[in-house]
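Scroll down for the structure; my scribbles are underneath it.
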Amino acid sequence: MPVLLLAGGIFVSSQAPTKGRTVWDGVYTEAQAARATGIFGSTCAGCHTLTPEGNRPLSGDKFWQSNTQRSVTDLLAYVSKNMPNGNGGSLAAESYNDLVALILKSNGLPAGPTELSPTTIAGVQIIPKDGSGELPANTLVRVVGCLAKSGSDWTLTSATAPVRTEKTQPDPADATVPLGTGTVTLKFVLTKLDQFAGQRMSVAGMLIGAGGVNGLNVAVVNRVAEACP
């Protein structure tokens, strides 16, 4: 049951990290990354760098801010569709595979025995080595929890960890997903929510501060179950 739509700002992304394969398991080969250096130099280096410094870096903080909780499939799809700038999709599929391998290598991610391809990277998640996956500020996320009032603010208690999302609509699993232990402050709520107090809500919005330390700039609130927890 949709409750309100408060703001825009729809980004992209995928799923929360799973316990399956990650980029730390070696999903490209050294030979593949080496093969991509020439392609990068001729088609990408005018707009991007492979170091954390310089113009539009593809490694370091920028990489993790853009890709934490995404999948390698997401990354390959984005690069294939948008690169080179203004001429996306103009390279051979194998070249895009190689370029993503080079991007992973440039971020210190280990090589493995199998070349990166759409088949071999299925389900592979991009998460930091410590597995924390804290998302940066201004990331569109979805959080599920119990709606409560704290002073003048609405909050979600027993809240799940923020999950990067590409849509503001609730996921069907939000009604039954195990709740967490966090509390998230909901900011810039423009519609009264009193009738939903104590109920299970799915909230989409932009993180204010890394990990949402300063709350969530609300885009959409949906009631997903009357009982909570």
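The values are calculated or read from the model by the stated rules, or taken from the named source; none is laboratory data. On a predicted model such as this, the values are computed, not experimentally measured, just so you know. Cβ coordinates were reconstructed from backbone atoms using ideal geometry, including for glycine residues, and neighbour counts include every protein chain displayed. Quick note on the areas: whole protein, heavy atoms, side chains included, nothing else; ligands and nucleic acids left out. Shrake-Rupley method; radii C 1.70, N 1.55, O 1.52, S 1.80 Å.
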Top-ranked residue in the stretch 89-147 [being under 20 Å from Glu166 (Cα atoms) and not in a loop (DSSP other than H, G, I, E, B); ranked as most open to solvent (accessible area, probe 1.4 Å)]: Arg142
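So that you can scan it fast, the table gives a plain yes or no per residue for (1) in contact with a Gly (Cβ under 7 Å, 6 or more places away or on another chain); (2) open to solvent by 60 Å² or more (accessible area, probe 1.4 Å); (3) without any contact (Cβ under 8 Å) to a residue 40 or more places away in the chain:
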residue	(1), (2), (3)
Gly46	no, yes, yes
Pro52	yes, yes, yes
Val79	no, no, yes
Asn85	no, yes, yes
Filtered residues of the stretch 180-229 (kept if under 13 Å from Trp154 (Cβ atoms), among the small types (Gly, Ala, Ser) and open to solvent by 40 Å² or more (accessible area, probe 1.4 Å)): Ala197
